[in-house]
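Since the structure comes first, as structure tokens, the remarks are kept for the end.
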Amino acid sequence: MTEITKTLCPYCGVGCGLEVSPPAQQGQATHRDAEGTPIWKVKGDRTHPSSQGMVCVKGATITEALDKQRLLYPMMRNSLDAPFERVTWDQALDRIVQEIQQTRAYYGSEALCLYGSGQFMTEDYYVMHKLMRGFLGSNNIDSNSRLCMSSAVTAYAQSLGSDGPPCCYDDLELTDCAFLVGTNAAECHPIIFNRLRKYHRQHRHVKMIVVDPRRTPTAEAADLHLAIRPGTDIDLLNGIAYLLSEWQKVDYAFIDDCVANFPAYAEVIKHYPPDVVARRCNISIEDLETAARYWASSKRVLSLWTMGVNQSSEGTAKARSLINLHLLTGQIGKLGAGPFSLTGQPNAMGGREVGGLAGLLPGYRWVKNPHDRAFVEQFWQLPPGQISPQPGRTAWEMIRGLESGDVRFLWIAATNPAVSLPDLPRTKAALQASPFTVCQDAYYPTETANYAHVLLPAAQWGEKTGTMTNSERVVTLLPAFRNPPGQAKADWEIFAEVGRRLDFSAAFQFRDAAQVFAEFVQMTRDRVCDMSGISHELLKKGAVQWPYSIDRPDASTAKRLYTDHRFPTTDGRARFGAYHSRGVAEPPDDDYPFVLTTGRLYGHWHTQTRTGRIHKLRQMHPRPVLEIHPHDAARLGLRTDDWIEVRSRRGKAKFPITVTSAIVPGTVFVPMHWGALWATEAEANSLTHPISCPESSQPELKACAVQLIPVGAEPMSSVPAAEFVMAEIQI
Ligand code: SF4
């Protein structure tokens, strides 16, 4: 008998359907990884609506990490310089409950923080929220989505009234012009990029514009690559708007009917004539005009963006300036058109639905909105006023709270801030000073485990049942197909157990993940993200896109939002955001003359907690490499494979270099995947700064000022550091 489980790839937000089957099936050879270990087989699920059977190397190799360096048992220690000792679940949970109670008694709920993850399933997210925000009364609940797409969330909400992405993947094959800004989709979202590229190749009239300081594989495929100077995105976007206005390519009828704040926007864009924009962006006027002409001559323009826009001190302004172009030309709410934010994480969307950022509440609600708070309090049967009207601490504010002593209890789950947060020297010092930290993860070691007092083993993908929502609002069921190793438990079960031990027993009596999901979707009823008609039972028949209302099943077929050009704002109109460009927060100067930009590689994902344990992917990208333009390399007397020390005002790192004209002069690039576990002194975020977008609190991980110091041959310290961390565990 063939036992195939249909599930979802838990890496990026593309959300590819997978089929997984056991290592050995009757009459067939055992499936093994590169090291000869039997592993579960994976292939693309042809029936999944988002990916149609396609899968990239990360999805194809995912089962190779299921049994590598797993955290099997709860571990505890009294201080960070002591070794971990194995304890029972009772001992670990009792300690956590005791710490929570003492912290609340002495310092109040504001001293509690929980930092979660876009790798959570929706059910994990929901129970975490119910416990922390609801029953413990702390809004200090944030997720690593803060680093990924909180600017997109804020921009959508401010411009369109809601965080619902208006488009769907079918639009990739219906557009006349794809405008990709700050996204290396070919490496980071490869399956949807493949769909777009195939369509682009087959239809000569379709144009592809890529805006990126690097000539990435994505840019290589474009008709027009605008290699703008880092931090000049708003100049470019306003410059395109200027030309569209000059050429009378504005949809005034759409604006009159559907969009507010046009006068303020029109006032701003008149300051962005082509000569000014071309000079600031360091592109030619001809290229700027070509981009604007592609927009002007296309009936359907689809914009795609990710971290290059979002990870910026003006991330919300950038994303809104991009959305402005769609509002200016009426390119929204129709086939093949619209602003489409690609999510970096598998369930970033699910996190948004549940309220995964410090200022959100379940069902696309807001902490600051009294009606939203009242609804949630009533739904969870909490006393009025239990939920604070103040948004909680964001990820970086948690670090600052540790520094000031205001944060006394930190629970980190399914994420690795000791690699992914900015200014790592400061981040690590703050984590080191934490009075009590819980680290809940599937793997050990991780860089963040070094800062934990308690380690909780989490079941991961394939070992727990739950749901995830991808970038195009498609919800997929991910059933468990194997038992968790050791004593690992599902994240939602751990949160529920703590809730029960804290005497909130009645609210956390969930029988299974299906019951958790059934409770959650009731909170989405009549919201933009209405999922009230979706259940685990329904999802067993196949993935479903929201809105999917229990009241209006006809809405279940709405592949796109805002097709009636009514927006979920108080007056039903979208809003122009009028922003001038401010540039990068830390521009280069005489002391730090280069801009460092960071990004991702095809084979790795985030901080390598999973992909670093997969032989094939390590072989694909064995070490981090710094990209530098030939002019800059010549000035420094450097050749490919020479080593360089990179210094910023916060820290330093060392990399071998690749000399390439794929990067603009004055800018260097390093990948962000390497933490202290995988290489010594190669952390991109030891260099980055924490200055954030004032509206989304998303840090500017994409640009900081650095100096480059040639260091000659390969430094001795470039060996991986994993063994040193491993030695500390005692089982
Ligand atoms: Fe997984 Fe993303 Fe690759 Fe699809 S494109 S297989 S979701 S990593």
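For the chain, the per residue solvent-accessible surface stands at 35 Å², with DNA, RNA and ligands left out and a 1.4 Å probe. Other residues with beta-carbon under 15 Å from the beta-carbon of Lys318 carry, at +1 per Lys or Arg and -1 per Asp or Glu, a net charge of -1.
Computed over the alpha-carbon pairs of the chain, the distance histogram in 20 Å steps reads 18, 54, 27, 1 percent, short to long. Counting only Cα atoms, the range 1-106 measures 57, 32, 27 Å along its principal axes, largest extent leading.
Element breakdown for the chain at a 1.4 angstrom probe: carbon and sulfur atoms account for 49% of the accessible area.
In terms of accessible area, using a 1.4 Å probe and ignoring ligands and nucleic acids, Leu708, Leu538 rank largest first as Leu538, Leu708.
Sorting Glu99, Glu353 by solvent-accessible area of protein heavy atoms yields Glu99, Glu353, largest first, with a 1.4 Å probe.
Residue ranges 592-603, 295-306 sort as 295-306, 592-603 when ordered by packing (mean number of other C-beta atoms within 10 Å per residue, highest first). The range 185-254 to the range 403-471: how many Å between their Cα centroids? With the range 185-254 and the range 403-471 each reduced to a Cα centre, they are spaced 36 Å.
The 1.4 Å probe gives accessible areas that order Arg610, Arg525, largest first, as Arg525, Arg610. Pairs with C-alpha atoms separated by more than 18 Å, drawn from the list Lys270/Lys334; Lys41/Lys616; Lys58/Lys464; Lys249/Lys299; Lys6/Lys464, are Lys270/Lys334; Lys58/Lys464. Between Ala433 and Gln381, the distance separating the two model label sites (each 7 Å from Cα on the Cα→Cβ line) works out to 4.2 nm. Under 17 Å from the 7 Å Cα→Cβ point of Thr37, by amide nitrogen: which residues of the range 439-475? Answer for the range 439-475: 442-446, 458-463. In the chain, the DSSP-assigned H stretches of four residues or longer account for a calculated mean residue ellipticity at 222 nm of -8000 deg cm²/dmol, using -39500 (n - 2.57) per stretch and the full residue count as denominator.
At full extension, Arg204 and Trp247 could sit 13.0 nm farther apart than now, given 0.36 nm per residue minus the alpha carbon distance. Each residue of the range 133-144 was assigned a 3J(HN,Hα) from its phi angle through the Karplus curve 6.51 cos²θ - 1.76 cosθ + 1.60 (θ = phi - 60°); the sequence is 6, x, 7, 8, x, 10, 7, 6, 9, 9, 9, 5 Hz, with glycine and proline shown as x.
The values are calculated or read from the model by the stated rules, or taken from the named source; none is laboratory data. A quick note: this is a predicted structure, and the numbers were derived from the prediction, not measured. Please note: Cβ atoms are built from the backbone with ideal geometry, for glycine as well, and neighbour counts cover all protein chains shown. For accessibility, only protein heavy atoms count, side chains too; no ligands or nucleic acids. Shrake-Rupley method; radii C 1.70, N 1.55, O 1.52, S 1.80 Å.
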